[in-house]
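The values are calculated or read from the model by the stated rules, or taken from the named source; none is laboratory data. Every value quoted in this text rests on a predicted model; they were computed, and no experiment measured them. So basically every Cβ, Gly included, is an ideal-geometry build from the backbone, and we count neighbours across all protein chains shown. Side chains are part of the model used for accessible areas, which takes the heavy atoms of the whole protein and leaves out ligands, DNA and RNA. Shrake-Rupley method; radii C 1.70, N 1.55, O 1.52, S 1.80 Å.
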Amino acid sequence: MMKVHTDYLWFQTKKRHEFVNITDKVAEIVAKSGITDGMALVSAMHITAGVYINDAESGLIADIEEWLAKLAPTDRDYRHNLTGEDNGYAHLWNLIVGHQQIVPITQGRLDLGPWEQVYYAEFDGQRRKRVIVKAMGI
């Protein structure tokens, strides 16, 4: 019979832009779920944050932020900013990175490649936000 387990990770980053490795926290939730075969949905529940899977290498993380800033500069006059906000770029970064990932669960563990890590990417931080982790399977 299929099981579903839902849990949340909460964040309040110190910086406006932060990339947080959440692999171990997601793995703990999966272990707690008791699911041995299935998948885990990991989704940022905010439109100015994202979730991605990649290498945990500091140079790459800096490159990702620099690349996002070239695609959607932080200092541009976005129409969204006319509402009184200053985070138009952060909404666009969310669209580029994506807000969720599905991670396979095999034998009760995250089934990631050798260098793959799950990251929470904060683009408009310094306030409380959350990520939902929903493990589904048998």
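Scan the range 18-29 and give yes if some residue there is closer than 20 Å to residue 89 by Cα, buried (at least 18 other Cβ atoms within 10 Å of the Cβ) and of a type in the set (Asp, Glu), otherwise no. Yes, the conditions are met somewhere in the range 18-29. Which of the residues that make up the range 65-122 are aliphatic (A, V, I, L, M), assigned to a strand (DSSP E or B) and under 22 Å from residue 137 (Cβ atoms)? Selection gives 102, 103, 105, 110, 118. Filtered by the rule that a residue be touching a helix residue (DSSP H, G or I) at 6+ places or on another chain (Cβ under 9 Å) and within 24 Å of residue 57 (Cα to Cα), the range 91-104 gives 92, 93, 96, 97, 103. Quick check: anything in the range 58-68 closer than 13 Å to residue 17 by Cβ, touching a Gly at 6+ places or on another chain (Cβ under 7 Å) and not hydroxyl-bearing (Ser, Thr, Tyr)? Taking every residue of the range 58-68 in turn, none turns out to be closer than 13 Å to residue 17 by Cβ, touching a Gly at 6+ places or on another chain (Cβ under 7 Å) and not hydroxyl-bearing (Ser, Thr, Tyr).
Looking at the range 68-127 only, could you name the residues that are closer than 20 Å to residue 14 by Cβ and acidic (Asp, Glu)? Hits for the range 68-127 are 86, 122, 124.
If you go through the range 1-14 and pick out every residue that is under 13 Å from residue 49 (Cβ atoms) and open to solvent by 90 Å² or more (accessible area, probe 1.4 Å), you end up with 2. When 48, 36, 74 are screened for being farther than 17 Å from residue 117 by Cβ, open to solvent by 20 Å² or more (accessible area, probe 1.4 Å) and touching a helix residue (DSSP H, G or I) at 6+ places or on another chain (Cβ under 8 Å), only 74 passes.
Looking only at residues that are aliphatic (A, V, I, L, M), closer than 16 Å to residue 17 by Cα and over 11 Å from the mean Cα position of the chain (by Cα) in the range 82-124, which one is most open to solvent (accessible area, probe 1.4 Å)? Once the filter is applied, the top-ranked residue is 95.
None of 42, 20, 51, 4 is more than 16 Å from the chain's Cα centre (by Cα) and of a type in the set (A, V, I, L, M, F, W, C) except 4.
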